[in-house]
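The values are calculated or read from the model by the stated rules, or taken from the named source; none is laboratory data. This one's a predicted model, so the numbers in the text were calculated from it and none came from an experiment. All Cβ positions, glycine included, derive from the backbone under ideal geometry; neighbour counts span all protein chains shown. Heads up: the accessible areas ignore ligands, DNA and RNA and are worked out on the full protein's heavy atoms, side chains in. Shrake-Rupley method; radii C 1.70, N 1.55, O 1.52, S 1.80 Å.
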Amino acid sequence: MTDTRSRVLTLAGFALTAALLFAVAPAVLSDFRLSLLARYLCFAIVAVGIALAWGRGGMLTLGQGLFFGLGGYAMAMHLKLADAGPGAVPDFMLLYGSGGELPWWWEPFRNPLFALAAVLVLPMATAALIGFLVFRRRVRGAYFAILSQALAAAFAILLIGQQATTGGTNGLTNFQGFFGFALADPLNKRMVYFVIAGTLLAVLLITRQLFRSRYGELLVAVRDSEERVRFLGYDPARVKLAAYTLSAGMAGLAGALFVPAVGIISPALIGIVPSIQFVIGAAIGGRASLAGAALGAIAVAWAQTTLSEEFPAAWTYFQAGLFIVVIAFLPGGLASLRQLLTRRRTRTEGTPA
């Protein structure tokens, strides 16, 4: 009975979310606000991956910017080559003096199928390699968090140092088209929004099924006690590796969709600070809840856009203070608030007068 009720509530919530994203938001928001929402939804996709790796698997991933950047740059490279035309090089390479020759590792990204595959394969392959080397040595906790953060910082520094081939600090920007659709056309920008919204719903649905599967239960067991899982004959490293790789794929997919929605990808969007902001959004909303993590990421991104305009110097302190308060007094995030209030009400009713 409980499972049926939970399933009905989930389907109702999913239908309501779809209605809000596909019907209400396009009807009431201007093109500018809708493009901002598209950006926030990309961050929500990253947060869903964090909920899988951290909320379910106990892996504090402070380096999701690395995978977000890999997916974003893979998409941006294809779009720049498509804008340049057959045999030509992107405009920034002529500006920064690359000699008018396209680097060999750019050439495969002319193929749209290769670019689409790279959006997922590059982040997931990178995460698989990192996870294989790290989890086999039983690196976890704060050590894993610091290592993942250092990799995101190293990737951003690498991009900055290769200005002639990556755009350096400025990154890649000024995209004209998206697989044959002109991004200057408001209708095509709305199409990009619908693609992002549909992707978020698909990612939420797939991840929820993963949560409810036997693997999801095993992942929770690894989070709570690796040694017991190992004693039962399972390899915790493989279990964690799968979750970490999937979360990287989600971040890479979000980065790829971010590029046509916002029109830029740069080292400033993938370094330490963005990686921490991804985690803050998931933590505030509730890292153990898919809906909570997604809504938290959207809310934090919206607050950053709104409050940073009014109080640019105070936003960072406000964000840090909010994160500390939530972690200290509401570890499960805002998604656990209802459960906490219900528990306290039950205790109060059960206390004799």
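Among the residues of segment 263-283, the ones that are more than 15 Å from the chain's Cα centre (by Cα) and aliphatic (A, V, I, L, M) come to 2 in all.
The residue of segment 185-241 that is nearest to Leu11 (Cα to Cα), among those that are free of Cβ contacts under 8 Å to residues at least 40 places away in the same chain and in contact with a strand residue (DSSP E or B) (Cβ under 8 Å, 6 or more places away or on another chain), is Met191.
For segment 208-219, the criterion of a residue being under 22 Å from Arg140 (Cα atoms), of a type in the set (Lys, Arg) and either open to solvent by 50 Å² or more (accessible area, probe 1.4 Å) or not in a helix (DSSP H, G or I) (or both) is satisfied by no position.
Counted as qualifying within segment 253-343 are the helices (runs of 4 or more DSSP H) with 1 or more residues that are within 30 Å of Leu113 (Cα to Cα) and at pLDDT 90 or above, namely 272-285, 290-310.
Please verify whether segment 59-80 includes one or more residues that are assigned to a helix (DSSP H, G or I), under 30 Å from Tyr40 (Cβ atoms) and of a type in the set (Val, Ile, Thr).
No, the conditions are met nowhere in segment 59-80.
Could you pull out the residue among Ala27, Ala51 that is under 28 Å from Ala243 (Cβ atoms) and not polar (S, T, N, Q)? Among Ala27, Ala51, only Ala51 is under 28 Å from Ala243 (Cβ atoms) and not polar (S, T, N, Q). Considering segment 154-203, the residues that are of a type in the set (D, E, K, R) and within 22 Å of Phe43 (Cβ to Cβ) include one that is surrounded by the most Cβ atoms within 10 Å (Cβ to Cβ), namely Lys189.
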